[in-house]
Every structure is written in structure tokens, then in C-alpha cells.
Amino acid sequence: MTTDLPSDIWTRRTFVRGAGLTVGALATGCTTAPRGATSVAVPADQPIRVGLIGCGGRGTGAATQALRADPGVVLYAMGDAFPDRLTSSQGHMEGQFAGRVDVPESRRHIGFDAFQKVLNEDVDMVILTTPPHFRPEHFKAAVAAGKHIFMEKPMAVDGTGVRSILDDAKIAKQKSLNVMGGFCWRYNLPNRACYERIHNGAIGDVTCVHSTYLTAPLGTKPRQEEWSDMEWQLRNWQHFNWLSGDHIAEQACHAIDKINWAKSDVPPAKAIALGGRQMRETPESGNIYDHFSVMYVYDDGSRCFHDCRQMPGCWNDNTEYLVGTNGTCYVNSWGPEQRIEGRYPWTYEGPNPNMYQVEHDELFEAIRGKRARIDDVDQMMTSTLMSIMGRMSAYSGRPVEWNEALESEERLGPVQYALGDLPTMPVSVPGAVASWNELRTAEA
Ligand SMILES: NC(=O)c1ccc[n+]([C@@H]2O[C@H](COP(=O)([O-])OP(=O)(O)OC[C@H]3O[C@@H](n4cnc5c(N)ncnc54)[C@H](O)[C@@H]3O)[C@@H](O)[C@H]2O)c1
């Protein structure tokens, strides 16, 4: 049964939500599409040339969705660390989009500087889908080059990367570039309808959210004799925390984004987390944890909870459970079910198109000037930093405040990239954190 919200509640809630956007250090723009002024548009009679940076599974998927979004899209340049990944991605798309994958040898770029070479091509838009460690550097260069951007989640793996993106996002705004983040549930129509009702008071004030991302481990790639340390880590990047941010940032950030969405993108005051590594044993499983449990504490007194686990043979779950002063809301991200119970009960009955396609359909409409400029920066960076805070707290064994995470000088990973030796950092032990900054200081 669905009960309509009274009309006056919409106005009241919209005001409260707008007020929330100014809280915290991330007030760089607006948060929900469509919004803002139009971007630098590509006219309807011209092709939109796309550059793909990071030609793996998601990059190939995103480029495919871009090609489907607008008949004028042409995949024009590609870049990857490894030629085999680029070749397989290109072959996959050439088979589906004859004539619109226009990437001759001269526009296929390989290596750590491939991103800059793609950006030097005459492309209008770029897809940033490497492991997230590289995202801040690639975003900086893409903004400097004046390209529209689709960037996958998470957008950074440490506070240093978050600050870098926030700075560059201001320039992207000045240049009227579209910036879309890959928090794809924001483009899922049932979820949008549900969270819109939440923001408009369907369950009253949201006092608690519990979200889960409990799943099996991701696949690993056994080491080949000819691979250097760096190549081996890059090919197993999800399992090395400098590349992925650990699975709380790499994968579970979607469920943390749902908490953030429910709380109208207002950042929490602090995170208190537990975590550990109970069953990961092989070298390919790198140095990440296999479970985290985080409590986010908000200035309004509310508390939100997140659990994530990557273990085989366990119960899996990906749901959000919201508690409000007037009701509850249940969202199952892996299934169709979402319902609001309480004073204004509701279930979704509309269409449910592929959310990844909705992302690109909306982005390319904005690039054509048919809808307002897309700027996902506030929401995507709040959710990214919340995930990083959770990891920082679990690794260190102490609470981490929002500003501490945002201002943190921690920078994960080596300063220079080369296919050579790269020792695996030890697994963090709460109370005795091993950090890249400490390692570099010891080596200097
Ligand atoms: N939104 C979603 O549902 C979703 C789903 C899957 C992945 N993702 C995100 O997409 C990103 C990519 O994930 P994936 O599953 O495609 O991984 P992948 O391993 O399949 O692809 C990553 C690609 O980047 C390349 N690469 C690595 N370092 C590079 C560098 N410095 N320069 C250029 N290329 C480099 C790799 O060789 C590989 O081809 C990650 O951030 C991941 O979290 C999002």
C-alpha cells in the first residue's frame, strides 16, 4: 500500500536538505541532478570524442554505455598500463560498435603516462577507470585539459587524494565541465524515488542507518614469473591497499554512499571502526583486511552503522535499513525490493532501467547541453572520505574525526611509478599502524 505524503511536507523538507549542504568542508557545489548552469556543450551536429583511461572491466563497460548513450559518441583514444588489457577491451567494443571505435595504433597509449597521452588527443570527454589510487592525478590532468569527466568510485584512497580532487573540482566548475562520479545507485531510478521520499520526510528525521556489503572475496591473479612486483600488484590491485584503499573503500563505498545519501550528504563528525584479516592468506590477497565494522557519529546525535566482509562460505547481504522518527525504510541493493513502512507506507512501482546506462544517458545529455551541468563532487567526495575514515579508524584502532581524515597528510603508495621492485606493505595492526609516510621517512 502506498500513502501519499501531504503536500506541505515537501517544501519543509527541501529547505532542511538545502541547509544541510553547507555543513562540512565539502561545500563545493550542488548535489543532485539536474542542477546548476549548463556545461560547455558539444553541438548536436558534432561527434563527442571519448578517451578511455583504464581499459579493464568497468572501463570497457562505461565506454560501452557511453557509445549507447548518444549516436554521435566515438571512442577516439585509449590508455592502459598494459597492452593486453587495452587490446581485449578494444576488440570487445569493436565487435559491437562498428565504425564508432576509431582507435588506430597512434591513439593507443600504454604505460603510466598513458593518461596524459589520451588527454593530449582531441577528445571531449574522458572515462577514468584505473585503480582508484591514480584517480586524483588523472582527474587533475583531465580538468587542466578541459575535458568532461566520468570517474569511477572511489575517487581517492587517502585524505591527500581527496583534497587534491576537491581543489581541482573548483577549477572544473569554473570551466563548466561535467563531473560525474560512479556511485551508480544515485542513478538507479527505484533508489532515487525512495531516497527522494526519505528526503521529503516519508520516515521523519533519519536517526539511524545500517548498511551492509557482505560478499565473497574478489578473484586474484597468481603471480607470473615475468611480472615485477609492481606489475603483480597492479594486476591484483583490489588486494593492495595503496591501489584500492582496501575493500571498504573500493567496494563497500557503495553501501557507505547509501548512508551518506540518507543523511542528505551531510558528513559525519567521526568514525569509530573495527576490522581485521582473518582468512586471507595467499600472497595474491595482498595486505587488505577481510572485514570492517564502522559506526559513524553525526553532529545531530544520530549514529549510522556499516558492516562489510569479503569471505567465502558466509551469508551475503547488501541492504540498507533506515530508521526515522516516523517510520522505517528497507532497500535491498541486490534485489528489487524497497519499501517504506510507518506513517507513509510506500513501495516502488516504476521502471528500473540499467543504472549504469542511466548514468551515461544523463551525462551525455548534459554534454550536449540538453540538461544542466552535472556536478557529483560533494556527494562522491563525502562518501569517499567516509570510507577512508572507516579504514583509518580500523587500521589505527582509534576514532577518526572528519577534519582529521580530510586534513590527513597520509599518502598511500610509492611517489614514482615503474614496473620494478615494490615490497608489499605489512598488514596494518590496530595500535601499531604501518604507514607509507613512515616507510618513506625511514628510507630517506
Ligand atoms: N560502479 C561500479 O559498480 C563499479 C564496478 C566495478 C569497478 N568499479 C570501479 O572501477 C575502477 C576499475 O575497476 P575494474 O573492475 O575495471 O578493474 P580492472 O582491473 O578490470 O581495470 C583496471 C584497468 O586499469 C589499468 N591500469 C592500472 N593502472 C593504470 C594506470 N596507472 N594507468 C592506466 N591504466 C592503468 C589496468 O591495467 C586495468 O586494465 C575501480 O575504481 C573500481 O572500484 C566500479
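Residues in segment 149-170 that are within 13 Å of the ligand (Cβ to nearest atom) and closer than 18 Å to Ala405 by Cβ: Lys153, Pro154, Met155, Ala156, Val157, Gly161.
In this structure, does Phe112 turn out to be surrounded by fewer than 21 Cβ atoms within 10 Å (Cβ to Cβ), away from the ligand (no atom under 16 Å from the Cβ) and of a type in the set (Phe, Trp, Tyr)? For Phe112, the condition - surrounded by fewer than 21 Cβ atoms within 10 Å (Cβ to Cβ), away from the ligand (no atom under 16 Å from the Cβ) and of a type in the set (Phe, Trp, Tyr) - is not met. Listed by first and then second residue, the pairs with beta-carbon distance under 8 Å, at least 6 apart or on different chains, first residue in segment 243-264 and more than 11 Å from the ligand (Cβ to nearest atom) and among the polar types (S, T, N, Q), second part of a helix (DSSP H, G or I) and at pLDDT below 95, are Ser264/Val16; Ser264/Arg17; Ser264/Gly20. Of all residues in segment 368-381, those being over 13 Å from Gly159 (Cβ atoms) and either touching a Gly at 6+ places or on another chain (Cβ under 7 Å) or buried (at least 23 other Cβ atoms within 10 Å of the Cβ) (or both) number 9. Scanning segment 308-328 for residues that are surrounded by fewer than 19 Cβ atoms within 10 Å (Cβ to Cβ) and of a type in the set (Asp, Glu) yields one hit, Asp317. For segment 55-173, give me every one of the strands (runs of 3 or more DSSP E) that falls completely inside it and has 3 or more residues that are under 26 Å from Leu385 (Cβ atoms) and under 20 Å from the mean Cα position of the chain (by Cα). The qualifying strands (runs of 3 or more DSSP E) are 125-128, 148-151.
The selection criterion, being at pLDDT 95 or above and more than 16 Å from the ligand (Cβ to nearest atom), holds for Gln174.
The values are calculated or read from the model by the stated rules, or taken from the named source; none is laboratory data. Here the structure is a predicted model, which is why all the values come from computation and not from measurement. Positions of Cβ are backbone-derived with ideal geometry, glycine not excepted, and every protein chain shown enters the neighbour counts.
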